[in-house]
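Q: Quick one: the structure is below, questions incoming.
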Amino acid sequence: GIQVEQSPPDLILQEGANSTLRCNFSDSVNNLQWFHQNPWGQLINLFYIPSGTKQNGRLSATTVATERYSLLYISSSQTTDSGVYFCAVGLYNQGGKLIFGQGTELSVKP
Amino acid sequence: DTEVTQTPKHLVMGMTNKKSLKCEQHMGHRAMYWYKQKAKKPPELMFVYSYEKLSINESVPSRFSPECPNSSLLNLHLHALQPEDSALYLCASSQDVYDQPQHFGDGTRLSIL
């Protein structure tokens, strides 16, 4: 089946710093989503981005489908950005199943 | 995502109890999903319902029994669970299985004594 790898596994930042999280996947996909899971367990949609570039405030994401990777950029990080960031991919012929990467655990220090 | 509502938020039950988890969405979505998430791990798919019919069962033990009574509601019936079933149970929905993205509820944190 399709493999999803995220890097780095852990990241510690000082408030105000920028960061880039990476998601590699082993096959073509129809769906790619980035999520933030906060310390209370809520899984929050950040981007639906099977291809192209999107921006939402301090966050932006780029997916290069032909090269099978996606990047999530966090600028001017805040302590509330702490948590786990998941990339998840899906294929239409797998009936909507999302396959998650192992996540990047981000800790932003004040 | 608060458009998918899950109840209860927390549940503690014994191994002989029967309980149900509930998930509701009013976005007109026709695909609904159950995921299980253990601590420090990513969510893993359990079941998919498409147009109120079970379309995927990821070899989940029969002590977990899903039900989709209508297009807005998804239940997960629990019976004779084991301590290793303690986890966060997440519900999600999408327009249909071919029309993503998936929107997740806040989850039910389940503890089995």
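Q: With a 4.7 Å Cβ cut-off, tell me which Cys residues in chain B come up empty for a partner.
A: By the Cβ distance rule, which asks for a partner under 4.7 Å, the isolated cysteines are B:Cys68.
Q: Starting from the Cα of B:Lys9, draw a straight line to each of the lysines and keep only those under 25 Å, dropping any in the same chain fewer than 8 residues away.
A: A:Lys97, B:Lys18, B:Lys19, B:Lys22, B:Lys36, B:Lys38, B:Lys40, B:Lys41
Q: Charges only on Cβ, +1 for Lys and Arg, -1 for Asp and Glu: so what's the dipole of the protein assembly as shown about the Cα centre, in debye to the nearest 20?
A: Numbers: 18 positive and 19 negative charges, 73 e Å.
Dipole about the Cα centre, nearest 20: 360 debye.
Q: Taking the square root of 5 times each eigenvalue of the Cα gyration tensor, what semi-axes in Å does the equivalent ellipsoid of the protein assembly as shown have, largest first? Intermediate results must be reported in sequence, preceding the final value.
A: Numbers: eigenvalues 173, 85, 45 Å².
Square roots of five times the eigenvalues give 29, 21, 15 Å.
Q: In debye, nearest 20, what is the charge dipole magnitude of chain B about its Cα centre with +1 on Lys and Arg Cβ and -1 on Asp and Glu Cβ, if you could check? Present the calculation step by step, with values, prior to reporting the outcome.
A: Working: 12 positive and 12 negative charges, 95 e Å.
The calculated dipole for chain B is roughly 460 debye.
Q: Taking beta carbons within 10 Å but only from partner chains, what does the mean come to for residues B:54-63? Could you put the intermediate results ahead of the total?
A: Working: counts 0, 3, 4, 0, 1, 0, 0, 0, 0, 0.
Mean shielding by partner chains, rounded to a whole number: 1.
Q: Out of the range B:12-113, which chymotrypsin sites (Phe, Trp or Tyr not before Pro) are coil in DSSP terms and have no more than 12 other C-beta atoms within 10 Å? Don't jump to the answer; show the numbers that get you there.
A: Details: sites: B:Tyr33, B:Trp34, B:Tyr35, B:Phe47, B:Tyr49, B:Tyr51, B:Phe64, B:Tyr89, B:Tyr98, B:Phe104; in loops: B:Tyr51, B:Tyr98.
Qualifying residues, ordered by number: B:Tyr51.
Q: How many nm is it between the label spots at B:Ser59 and B:Lys41, if each spot is 7 Å from the Cα in line with the beta carbon?
A: 1.4 nm
Q: Determine the shielding of peptide A:89-96 by partner chains: average, over its residues, the number of Cβ atoms on other chains within 10 angstrom of each Cβ.
A: Per residue, the number of nearby Cβ atoms from other chains is 5 on average.
Q: Separate question: So what is the orientation-averaged projected area of the range A:57-110, using the convex hull of its C-alpha atoms, in nm²?
A: Working: hull surface 19.3 nm².
That works out to 4.8 nm².
Q: Calculate the mean, over all residues of peptide B:37-50, of how many other protein chain Cβ atoms lie within 10 angstrom of the residue's Cβ. All intermediate terms of the calculation are to be shown ahead of the outcome.
A: Values: counts 4, 0, 1, 4, 3, 14, 9, 4, 8, 0, 0, 5, 1, 2.
Per residue, the number of nearby Cβ atoms from other chains is 4 on average.
Q: Restricting things to Cα coordinates, could you compute the convex hull volume per residue of chain A in Å³? It would help to have the intermediate numbers written out before the result.
A: Numbers: hull volume 9.7 nm³, N = 110.
Convex hull of Cα atoms, per residue: 88 Å³.
Q: What number, in nm² with one decimal, is the all-direction average of the projected area of the convex hull of the alpha-carbon atoms of the range B:1-67?
A: Numbers: hull surface 22.1 nm².
With every direction weighted equally, the projected area is 5.5 nm².
Q: With unit charges on the beta carbon (Lys/Arg positive, Asp/Glu negative), name the residue among B:Met15, B:Gln95, B:Tyr49 whose Cα is farthest towards the positive pole of the charge dipole of chain B.
A: Of the listed residues, the answer is B:Met15.
Q: P(r) for chain B, please, calculated from all Cα pair distances in 5 Å bins and given in %.
A: The distribution over chain B is 2, 13, 24, 27, 19, 10, 4, 1, given as percents.
Here, each number is a calculation from the coordinates, and none is a lab measurement. Note that the structure is a prediction, hence the values are computed from the model and not measured. Please note: Cβ atoms are built from the backbone with ideal geometry, for glycine as well, and neighbour counts cover all protein chains shown.
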